[in-house]
Every structure is written in C-alpha cells, then in structure tokens.
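Asks: This is the structure I want to talk about, given as structure tokens.
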Amino acid sequence: MTTTHAQTPSHPSPLNGPPDAPPAGRLPLWDRRFTLYFVSRSVSLVGDAMMPVAAALAVGALYGVSGVGFVLGTWTGTCVALVLFGGVFADRVGARRMMVGADIARVLTQGVLAVAFFTGPPPFWLLVTMAALAGAATAMFQPGVNGMVPLVAREPQRANATLKVADALAQLLGPALAGLLIALTGAGTVYAIDAGTFVLSALCLALIRLAPAVPGPAGTGADLAPDGSETGPSHRLRRDLRQGWQEFRSRTWMWSVILIWVGYGVLLFGPLVPLSSALIGARLGPNAYGLAVSFLGAGTVLGGLLALRIRPARPLAAGAVAMALFTVLPLCVALGAGLPVLLAGHVLGGGAMAFWSVMWATSVQTHTPPAVLNRVTAYELAGSVSGIALGQILAGPATALASPDRLLLVSAGACLAGCVALLATPAIRTLRRAPSREG
C-alpha cells in the first residue's frame, strides 16, 4: 500500500510560500522538484519490475524453484524486519538523504550480482547475501517514498496518480525487457541495468532542492528525558518507534484499513499470482497469462488517469467502491472464463487497485503530521506486506486442501467482504478529503 502527506494548515509545509509561487489558481505539477522526483521513481520502478523475471529465470535455472523462493523470501523478509527502523531514520535525517543512501547501497548489490553473472554462475550464498542487503536498503528507502511527495508536489493526489501511471507503465515494460535481455545477453545485463537505474535515481534525488524543514520533535531538544538528562541512541530509537506507533494507532481509519489489508494479503493478494498463473497457464497457455498481466497493467494506467481527474470528498469510501471491481479478477479466473472476459477482468482489477492506491496514499499524506509521516508509513507498510508474504507462503500448502479454482473463489469472496468492511467502518467511510492548498 505500498507502495505520503500534503500539509493541512496546521502542518506547515516546506512548499508554503516559495519565492516562485504562482498566483492563486490551479498549481502546476511539473516544476523542477517534481520532475526530478518523477524521473527518479520512474527509472527505479522499471529496474524493480525487471528483478522478479531475472530471479525466476536466472536464479531458477541454477537453483530451481526453491532457490528462487528463498532468494525472494530473503529480500522480502529483510525488508519487513527493518522497515520500521527505516521510518525512524527517514524522520530523523530526512527522507531524501535516506533514499539516496539506499539507492547507492543497491547500486553496489546489483553491481556485484551483475559482475557475478558475467563471470560465471554465482554461488547461492552470494545471491542470498545480496538479496538480504538489497532488502535492507529497500527498507530504508520505502518509508521516504511517501514522505517525499508533499515535499515536491503541491497537489498530492495529482502527484500520486501520475506516479501510479508511471508504476503501471514500468510493470508493463520491465518484465518484457528483462525476459528479452536474458534471452539475448544473459542475466548480468539485467542486473547491470538495474544498478544503473539506481545511479540515475540517486542523482535525481540528490539534485532536488527542498526548503528548510520545519523543526520537529525528532530533531531537536526532544532528545532529553523528562528530568532533563540526555538520552542514548537506543532510548531515542525506542521513543521514536513508540511515537510512530502511537500516531498510527490514534488514527482509527488507518489501522482499520491495514487490518483489512492483512486479510487481503493472506487471502487475496498473496495467493493470487501463483494460483492464477497456474490455472491460466494450464488452460490457455503461458502466453495467455503474460497477456493477462499486460492487461492488468493497462487497467492500472487507466485507473491512475481516472484518479487524476476525480477528487471525491470521501476518498477512502470512493476507493472502497472501486475495489469492489477487483473481485471480478479472481472470479473470472476461478470460473474459467474465456480469454476476452479474462482480459476484461484484469483491466477492471488493475483500474480498481490503482484508484484505491491513489486515494489511500493521498489520505495518509494529507492526514499525518510531516514530522512522523515516514514512521507511520513504515507501520502501514510492515502490516500490509507481511500479510502478502504470509499469503504467498501458504498458497502452495493450501492447494493440498482445495483446488486452485476453489481457493480463488475464496479470494473473490474475501475481496468483496473486505470492501463491505471498509464501507461499514465509520472512520473509513466518513474520512473527508483534506483541504486543498490550491489558491
């Protein structure tokens, strides 16, 4: 969920009152700061989209399905384990600095793997070690993704929708490019290009010039205990984690959504890819599944474009209604729909998920104080990603209890039940869009 914050009047923004502020009216999106941030995110998203294919084809060819699972699981597990600390550090030293440092670390991990694949089959321990280091770097990077948007864009919803379209296009381009490069040149080229995307991302982030941050409790004299004595690093870390948790817990709409999303991860998002790929591949062939994924990406682009134009007064309620359309995706796979219906279902599913994602990201950004935004983001990331990881782990064993098509019927039912739960929760249903800073 995953995968930020627009300041309200009570939360001063680094964007308030810049020297080149335009007159009252619709504020421009594509200024220098947002353009640099957009380029940074776009190129790194393409690199990220290439990696699952590289792991499946290159690592799988050497160490089999279990090897792929262990490498990817190491990356995910390390990220989940450390993302809360990433939120603390991003709030303390700044999201941009943490993101630049994380990009540099991933240049090294992907560069090492590129050299290893160019010089011969890399040992399994090296693959696992680099996956763990890359997962740790991602944990330091991801909380800042949310925190940077209000620093570079005056209209978070437009920015989030634009970034979502870029994400969808990356998901369309990255896997196809990775497969082609592995077939023509080998896995080393894919990892080298991925390292290059992190170089460009770090450069663009470093070139962004932000206004001085408003002093907050995490960066000044708050490092004193109640009796006035100085506190040590471990005490400050625990305090920052506790403060982030309190901010997260105090927003009923936020933790309620994450609870529902944990259920979605276990019952819907986690098992969806392995189960649907098996069913579609067995019935219509592997090319049909690849086509379905492409149509899912096309739907995501459409959903992002729709979110650019629609500004609902109650964004999470509107997003929950849109998410009901996602039910069509697992349902059409489970019922063995023909290819045209299957592709239409993936378009609807991609559009629904993109629209919800923009509404969610904008709500988190506009209803969370900037001083704790990265920590709050870390908590919501940890919750939602852990559910998906558990769902992926349980998908295989679950097929011993029921057939994949029956399990996907359960997924469809869980999707619809989750939408009902979202709309039935007053704190979610009634959350209003934060006042705009336009004009």
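Asks: Inspect the range 385-397 for any residue being over 18 Å from L275 (Cβ atoms), of a type in the set (A, V, I, L, M, F, W, C) and surrounded by 17 or more Cβ atoms within 10 Å (Cβ to Cβ) and give the result as yes or no.
Replies: Yes, some residue in the range 385-397 is over 18 Å from L275 (Cβ atoms), of a type in the set (A, V, I, L, M, F, W, C) and surrounded by 17 or more Cβ atoms within 10 Å (Cβ to Cβ).
Asks: Somewhere in the range 385-397, is a residue touching a helix residue (DSSP H, G or I) at 6+ places or on another chain (Cβ under 9 Å), at negative phi, assigned to a loop (DSSP other than H, G, I, E, B) and among the polar types (S, T, N, Q)?
Replies: no
Asks: Let me ask you something else. Among the numbered criteria (1) modelled with pLDDT of 90 or more; (2) surrounded by fewer than 18 Cβ atoms within 10 Å (Cβ to Cβ); (3) touching a helix residue (DSSP H, G or I) at 6+ places or on another chain (Cβ under 6 Å); (4) not polar (S, T, N, Q), which one does G179 miss?
Replies: (1)
Asks: Residues that are assigned to a helix (DSSP H, G or I), aliphatic (A, V, I, L, M), surrounded by 21 or more Cβ atoms within 10 Å (Cβ to Cβ) and at pLDDT 70 or above: does the range 26-39 have at least one?
Replies: no
Asks: Further question on the same structure: Mind listing whichever residues of the range 332-348 are farther than 20 Å from R311 by Cα and assigned to a helix (DSSP H, G or I)?
Replies: If the condition is that a residue be farther than 20 Å from R311 by Cα and assigned to a helix (DSSP H, G or I), then C332, V333, A334, L339, P340, V341, L342, L343, A344, G345, H346, V347 are the ones that fit.
Asks: On to the next question. Can you tell me how many residues within the range 151-203 are basic (K, R) and in contact with a Ser or Thr (Cβ under 7 Å, 6 or more places away or on another chain)?
Replies: 1
Asks: Let me ask you something else. Here's a check for you: in the range 320-333, which residue that is touching a helix residue (DSSP H, G or I) at 6+ places or on another chain (Cβ under 7 Å) and surrounded by fewer than 22 Cβ atoms within 10 Å (Cβ to Cβ) is nearest to P143 (Cα to Cα)?
Replies: A324
Asks: If we keep just the residues of the range 365-415 that are over 19 Å from the mean Cα position of the chain (by Cα) and among the polar types (S, T, N, Q), which is farthest from G244 (Cα to Cα)?
Replies: Filtering the range 365-415 for residues that are over 19 Å from the mean Cα position of the chain (by Cα) and among the polar types (S, T, N, Q), the one farthest from G244 (Cα to Cα) comes out as S403.
Asks: Take the residues in the range 136-163 that are surrounded by fewer than 24 Cβ atoms within 10 Å (Cβ to Cβ) and not aliphatic (A, V, I, L, M); name whichever of them is nearest to L57 (Cα to Cα).
Replies: Looking at the filtered set, the residue picked out is T138.
Asks: If you check every pair at least six apart or on different chains, which have Cβ atoms under 8 Å apart with a residue in the range 234-249 that is more than 18 Å from V364 (Cα to Cα) first and a residue that is β-branched (V, I, T) and surrounded by fewer than 17 Cβ atoms within 10 Å (Cβ to Cβ) second?
Replies: Matching pairs, first to second residue: R239/T231.
Asks: Consider the range 190-214. How many of its residues are farther than 17 Å from G60 by Cα and assigned to a helix (DSSP H, G or I)?
Replies: Qualifying residue count, the range 190-214: 16.
Asks: Return the residue satisfying two criteria in turn: it lies in the range 238-253 and is of a type in the set (K, R) and under 22 Å from the mean Cα position of the chain (by Cα), and of such residues it is modelled with the highest pLDDT.
Replies: In this case the residue turns out to be R251.
The values are calculated or read from the model by the stated rules, or taken from the named source; none is laboratory data. Being a predicted model, the structure only gives us computed values, none of them experimental. Every residue, glycine among them, receives a Cβ derived from its backbone with ideal geometry; neighbour counts consider all protein chains shown.
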